[in-house]
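Student: After the C-alpha cells below, expect a handful of questions from me.
The values are calculated or read from the model by the stated rules, or taken from the named source; none is laboratory data. Quick caveat, the model's predicted, so the values are computed rather than measured. Virtual Cβ from ideal backbone geometry, glycine too; neighbours counted across all protein chains shown. Heavy atoms of the whole protein, side chains included, go into the accessibility calculation; ligands, DNA and RNA do not. Shrake-Rupley method; radii C 1.70, N 1.55, O 1.52, S 1.80 Å.
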Amino acid sequence: MGVGHYENFPVASLLLPHRLRAPVRAIYRFARTADDIADEGDASVPTRLQQLADLAGQLDAIELGTPGDWPDLADAVRRFRLPIHLLHDLLSAFRQDVTVHRYADYAALFDYCRRSANPVGRLMLALFQRDEAELLQCSDAICTGLQLVNFWQDITLDWRKGRVYLPQSELQRFGADESMIERGHADRRWRDLLRAQTERAAGLLSAGSPLAAALGGRIGLELRLVVEGGLRIAERIDATNGDVFRHRPTLGPLDWLLLPMRALAKQMGLGRAAPEGKIEP
C-alpha cells in the first residue's frame, strides 16, 4: 500500500496474528502522522519540512535506544529488529511530496515508489521474519503496483494539490497534456494513456502475487485480498474509459463480496512461492 493511500486496504485486521497487530498499528501511526504533515492543513513548506525533520530525529533517538514520543514504534523496532532505514525512506518520500510535484519518467516515479510504498511491504516481511530476497522482490512489485493504482484513481485529487504523478514522458507518448486534467477531458488519447498505466500497475500486482502462496495462512489470504482490491480498482478505472474526473473508482459492497471469491480461486491455483527471474517495473 502507498503510505498516502490507506483507505482501500486493511490495516492490522483480524487476519493478522495477534502479536503483530500492535507493531503494524505503530508503523501505520507513524506513516499516517508523516503523511498528514506533508499533506494536511495550511502549513508552509519550511514548516512541513521541519516537522518531518523532527520525525527523523525521533527515529534517530529510537535507534539509540530512546523511545521519545514513539514508545510503540520503538518497541516494535526493538522486538522485531525492524530495519529503521525503511522508516527513513518513508520520510524521504514525504519530503519529496512537499517539494516535487512532477515526474519526468517512470524511472523517477519508481524511485519515489521505492521509498513511499515498498518500505511498508518490507517492514511487514520483517515482522514475519520472511525477508528473503525473492519475497522482497514480490513485495516491492505489489506495493509499487498498489501505489500506481492509487495514483490513477486519484488523478483529480492530486491535481487539486498541485501534483501530477503521471510521468511527463507518458503524457507525451500518447499526445496528452495536463490541460486535459484541468478540464476533465477524457478523449481517445487520454483513454489510451490511462489504459496503458492501469495495465502496467496490474502487471506488477500479478507479478508479485506469488508472495501470498509463499507466506500462506491468514496473512496470505489478506495479501490476496489486497492484491485483488488493487486489480479491481484498475478494472474500475478501465470501465470509466479513463474518465476518473467524473467517476472516481472505489470499491463497493458488491466488490467486497467478489474479492474473497477471486482470492480463494487464485489460492487454489497458485503453485509457486516466488517468481522466477527478476520482476521489472
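Student: Of the conditions (1) in contact with an Asp or Glu (Cβ under 7 Å, 6 or more places away or on another chain); (2) open to solvent by 30 Å² or more (accessible area, probe 1.4 Å), Pro167 satisfies every one except a single condition; which number is it?
Tutor: Just one mismatch for Pro167, condition (2).
Student: List the pairs whose first member sits in region 78-104 and is at positive phi, whose second member is buried (at least 16 other Cβ atoms within 10 Å of the Cβ), and whose Cβ atoms are under 8 Å apart, counting only residues at least 6 apart or on separate chains?
Tutor: What qualifies is Arg81/Ala126.
Student: Turning to a different aspect of this structure: Within region 200-220, which residues are open to solvent by 40 Å² or more (accessible area, probe 1.4 Å) and free of Cβ contacts under 8 Å to residues at least 12 places away in the same chain?
Tutor: Gly217
Student: Residue by residue through region 85-105, note down the ones that are open to solvent by 20 Å² or more (accessible area, probe 1.4 Å) and either not in a helix (DSSP H, G or I) or not polar (S, T, N, Q) (or both). Full working, then the answer.
Tutor: Within region 85-105, the subset open to solvent by 20 Å² or more (accessible area, probe 1.4 Å) is 85, 88-89, 92, 95-96, 99-102, 104-105.
Those that are open to solvent by 20 Å² or more (accessible area, probe 1.4 Å) and either not in a helix (DSSP H, G or I) or not polar (S, T, N, Q) (or both): His85, His88, Asp89, Arg95, Val100, His101, Arg102, Ala104, Asp105.
Student: Where the second residue is open to solvent by 40 Å² or more (accessible area, probe 1.4 Å) and in a helix (DSSP H, G or I) and the first is more than 24 Å from Val77 (Cβ to Cβ) and small (Gly, Ala, Ser) and lies in region 41-67, which pairs have Cβ atoms under 9 Å and are six or more apart or on separate chains?
Tutor: Ala43/Gln51
Student: Residues in region 111-125: is at least one touching a Lys or Arg at 6+ places or on another chain (Cβ under 9 Å), open to solvent by 30 Å² or more (accessible area, probe 1.4 Å), acidic (Asp, Glu) and farther than 19 Å from Leu59 by Cα?
Tutor: Checking region 111-125: not a single residue is touching a Lys or Arg at 6+ places or on another chain (Cβ under 9 Å), open to solvent by 30 Å² or more (accessible area, probe 1.4 Å), acidic (Asp, Glu) and farther than 19 Å from Leu59 by Cα.
Student: With the structure loaded, tell me whether Gly242 is touching a residue at least 24 places away in the same chain (Cβ under 8 Å), crowded, with 20+ Cβ neighbours inside 10 Å and on the phi > 0 side of the Ramachandran plot or whether it fails that test. Don't jump to the end; show me each part of the working.
Tutor: Numbers: touching a residue at least 24 places away in the same chain (Cβ under 8 Å): yes; crowded, with 20+ Cβ neighbours inside 10 Å: yes; on the phi > 0 side of the Ramachandran plot: yes.
Taking the combined requirement at face value, the residue satisfies it.
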